[in-house]
Amino acid sequence: GAVVSQHPSRVICKSGTSVKIECRSLDFQATTMFWYRQFPKQSLMLMATSNEGSKATYEQGVEKDKFLINHASLTLSTLTVTSAHPEDSSFYICSVEGAWNEQFFGPGTRLTVL
Amino acid sequence: ELKVEQNPLFLSMQEGKNYTIYCNYSTTSDRLYWYRQDPGKSLESLFVLLSNGAVKQEGRLMASLDTKARLSTLHITAAVHDLSATYFCAVGFNTNAGKSTFGDGTTLTVKP
C-alpha cells in the first residue's frame, strides 16, 4: 500500500494561534488526498478532500475558513487550523487512496490547543 | 443517509478463543473495508471486500461480505494479545471515491 507521512506528529499551541500540518505521499503521486479528524474514543470524520491544483472540497459542517487546505503538489497537502481554540484539539489524519478506494492513512497529528 | 453499525463496541476475550465482530450498513454499497487502529496510532488497512460472498483471510483474521444482508463480519480465530486494537469497518462507493462512512469501531482486548 501507499506510504504517507505527516508532520508534526504532535503539536501544542496557544489559543488563537494557527497551526500547519503537512501530509506527504512518499511513494506515489496523489492528485487527491483526504483529511480526517478523530476525537478520543470516537470514529473518523472526513473533513475535506484535497485536490491538487484546485480548491478543496469540504464536508458539510466543516468551516473552510478555519481549516485551510492547500494541495500545491502531487505529493504534499497541508491543513492549517487557523485561530485554533481548545475545541479544535483532536487527532488529525490524512490519507491517500488505493486502487479500490481504500484509504492509506498517515500516522496522524495530535493537536492540543491550550 | 448511510449508517454503519458495528457490534459489539467493546469486546474482551481470552487468548485462544474465537469471536466475530459484525458490521451492518443501511444502503446498498459496492465495497467494504476493515481497518485496524492501535492505541494512539493511525489506521491501517486490513481488508477490501468488493463483491457479495467475498472472503479474505490474513493470519487469525477473516473478513466476509454479504451484500444482500448488508452485513460484513470480521472473525477472529484463536485470539492472541497482539490482536488487541480497535477495528473499524467502513462502507464505500465506487462513484464516491474516498467518502467512506466509518462505523464506530470495536475495541478488542485480548487477555492472557
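Count of the stretch B:30-47 residues, restricted to those that are in a loop (DSSP other than H, G, I, E, B) and at negative phi, is 5.
Show me the strands (runs of 3 or more DSSP E) found entirely inside the stretch B:48-112 where at least 2 residues are among the aromatic types (Phe, Trp, Tyr).
Passing ranges, in order: B:85-92.
The residues in the stretch A:60-114 that are in a strand (DSSP E or B), touching a Gly at 6+ places or on another chain (Cβ under 6 Å) and open to solvent by less than 30 Å² (accessible area, probe 1.4 Å) can be counted, and the count is 3. The residues in the stretch A:28-56 that are in a loop (DSSP other than H, G, I, E, B), free of Cβ contacts under 8 Å to residues at least 24 places away in the same chain and open to solvent by less than 40 Å² (accessible area, probe 1.4 Å) can be counted, and the count is 2. Can you name every residue in the stretch B:86-106 that is at pLDDT 95 or above, more than 16 Å from A:Phe105 (Cα to Cα) and more than 8 Å from chain A (Cβ to nearest Cβ)? Answer for the stretch B:86-106, where residues must be at pLDDT 95 or above, more than 16 Å from A:Phe105 (Cα to Cα) and more than 8 Å from chain A (Cβ to nearest Cβ): just B:Thr106.
If the condition is being more than 17 Å from A:Pro107 (Cα to Cα) and surrounded by 13 or more Cβ atoms within 10 Å (Cβ to Cβ), then the stretch A:1-14 contributes only A:Cys13.
The values are calculated or read from the model by the stated rules, or taken from the named source; none is laboratory data. Predicted, not measured: the structure shown is a model, and the values here were computed from it. No Cβ is skipped: glycine too gets one built from the backbone with ideal geometry, and neighbour counts run over all protein chains shown. Just the protein is used for accessible areas: all its heavy atoms, side chains included, with ligands, DNA and RNA removed. Shrake-Rupley method; radii C 1.70, N 1.55, O 1.52, S 1.80 Å.
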